[in-house]
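Written below as structure tokens is the structure these notes are about.
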Amino acid sequence: MSYTIDLGQWNSIFAVPASVVDNHIKLATEAQLKVLLYILRNSGTELDDDRISSALHIDPAEVKNAVDFWTERGLIADNSGALSPAPAQAVSQPVNQEPEKPKKQRTAVSRAQRPDPEFVSKLLIEDQIFAGLMQDAQGVLGKPISPGDRDTFAMLYTTFGLPCEVIAMMMTYLSSVGSANMRAVERMGIRWSDDGITTTEDAEREIERMQSSREAWGSVSRLLGIRNVGRPTASQLEHAHRWVNEWGFSDEMISEAYERCVNTKGEYNIRYINAILQKWHDKNIMSLDTLREQEEASKRKPKAKTDPGKKGSVFSTQGASFDISKYENASLFDD
């Protein structure tokens, strides 16, 4: 005798790691969650940015950002385009950059503990500075402050150690970029605490850095003709800040890197552009004239010859094996 149970829609299910809900669901954007679910649902199927973008109606740049987001958090590993579960304790490290000093472990927003409402009520009565922050917050956020909002502010103030003036500066910045909402306040407040940004001087420096990153991305996006759906991603801001503010590349050099990326990859790939610019930065190639000179010098270099027929020779019995385009690429982009 055989038995069959019809579970309806539950006949077809797929696994989602518990850490997605436990640690990342409040940090991840809607697009990042959609991309992850689509990838997990289609495991074993060859996917690309365009296919995911078309299926989810999300900009391809957002798809790339989503993959970067889950890769950085150690959930998946990107092995030259082949995605796989990340090894245990995988740690992402920027390519060819000096190891960063150990930082305070990030606090997952989903596990942040809010103070007891009675404690918050007492705090509002006894701490006039905190009470004043609540009045200011109502004006900045443009809505009445709910009990849950007060609990969040109290958590940032007492649990995460952010002074009220620092929280006020953070809210003012978020308002200036159109992100004045409690979710953004909570996420940025916890990040600032984790990064040790707990004084007005630290806050001023961080705000200047974020503003310069946004300005850099505005310049880069206009230069490359990239239109974002919504706000720029963290990856876009980070890369633009590095190219423009840290490395000091001109518009023409960024455009050249973009064109070489598209010619080679057939698409816009922010990580590939970054790799090109990093190689030029490492070689102190900061202008198109210098780049052309380096390329011409590479072409004129005498090539070592070996006996015909020898393995690895430039000339062999099977004919010339020298590939000029491959050599040109290797001379500038490979170690």
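The values are calculated or read from the model by the stated rules, or taken from the named source; none is laboratory data. The structure presented is a predicted model; accordingly, all values stated were derived computationally and were not measured. Using ideal geometry, Cβ is built from the backbone for each residue, glycine included, and neighbour counts are taken over all protein chains shown. When the accessible area is computed, the model is the full protein with side chains, heavy atoms only, and any ligands, DNA or RNA have been set aside. Shrake-Rupley method; radii C 1.70, N 1.55, O 1.52, S 1.80 Å.
Checking each residue in region 16-37 for being over 21 Å from S235 (Cα atoms) and either surrounded by 11 or more Cβ atoms within 10 Å (Cβ to Cβ) or at pLDDT below 85 (or both) picks out V16, P17, S19, V21, D22.
Condition test on L141, is it at pLDDT below 90 and either over 22 Å from R231 (Cβ atoms) or in contact with a Ser or Thr (Cβ under 9 Å, 6 or more places away or on another chain) (or both)? For L141, the condition - at pLDDT below 90 and either over 22 Å from R231 (Cβ atoms) or in contact with a Ser or Thr (Cβ under 9 Å, 6 or more places away or on another chain) (or both) - is met.
Residue-wise test of (1) open to solvent by less than 20 Å² (accessible area, probe 1.4 Å); (2) at pLDDT below 90; (3) in a helix (DSSP H, G or I); (4) closer than 14 Å to A168 by Cβ.
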position: E118; (1), (2), (3), (4): no, yes, yes, no
position: L124; (1), (2), (3), (4): no, no, yes, no
position: I129; (1), (2), (3), (4): no, no, yes, yes
position: L133; (1), (2), (3), (4): yes, no, yes, yes
position: A137; (1), (2), (3), (4): yes, no, yes, yes
position: I145; (1), (2), (3), (4): no, yes, no, yes
position: T152; (1), (2), (3), (4): yes, no, yes, no
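Just give me the residues in region 210-269 being under 22 Å from L288 (Cα atoms) and under 14 Å from the mean Cα position of the chain (by Cα), in sequence order. If the condition is that a residue be under 22 Å from L288 (Cα atoms) and under 14 Å from the mean Cα position of the chain (by Cα), then W217, H239, A240, H241, R242, N269 are the ones that fit. Tell me, please, whether a residue that is modelled with pLDDT of 90 or more and loosely packed, with under 14 Cβ neighbours inside 10 Å can be found in region 272-282. Yes, region 272-282 has at least one match. Residues in region 39-61 that are over 18 Å from G266 (Cα atoms) and β-branched (V, I, T): I39, T45, I58. Taking every residue in region 203-224 that is in contact (Cβ under 8 Å) with a residue 12 or more places away in the chain and closer than 30 Å to S193 by Cα and pairing it with any residue that is in a helix (DSSP H, G or I) and aromatic (F, W, Y), at least 6 positions away or on another chain, the pairs with Cβ-Cβ distances below 6 Å are I207/Y173.
Per the listing S213, S193, S235, the residue uniquely hydroxyl-bearing (S, T, Y), open to solvent by less than 30 Å² (accessible area, probe 1.4 Å) and touching a His at 6+ places or on another chain (Cβ under 8 Å) is S213.
The lone criterion from (1) touching a residue at least 40 places away in the same chain (Cβ under 8 Å); (2) farther than 21 Å from A66 by Cα; (3) not aliphatic (A, V, I, L, M) left unmet by S235 is number (2). Taking the listed residues A257, A330, the one that is modelled with pLDDT of 90 or more and either outside any helix (DSSP H, G or I) or among the hydrophobic types (A, V, I, L, M, F, W, C) (or both) is A257, with no other qualifying. Which of the residues that make up region 49-68 are surrounded by fewer than 16 Cβ atoms within 10 Å (Cβ to Cβ) and either in a helix (DSSP H, G or I) or in contact (Cβ under 8 Å) with a residue 24 or more places away in the chain (or both)? The answer is D50, R51, S54, A55. Taken together, the residues in region 221-243 that are among the hydrophobic types (A, V, I, L, M, F, W, C) and modelled with pLDDT of 90 or more amount to 2.
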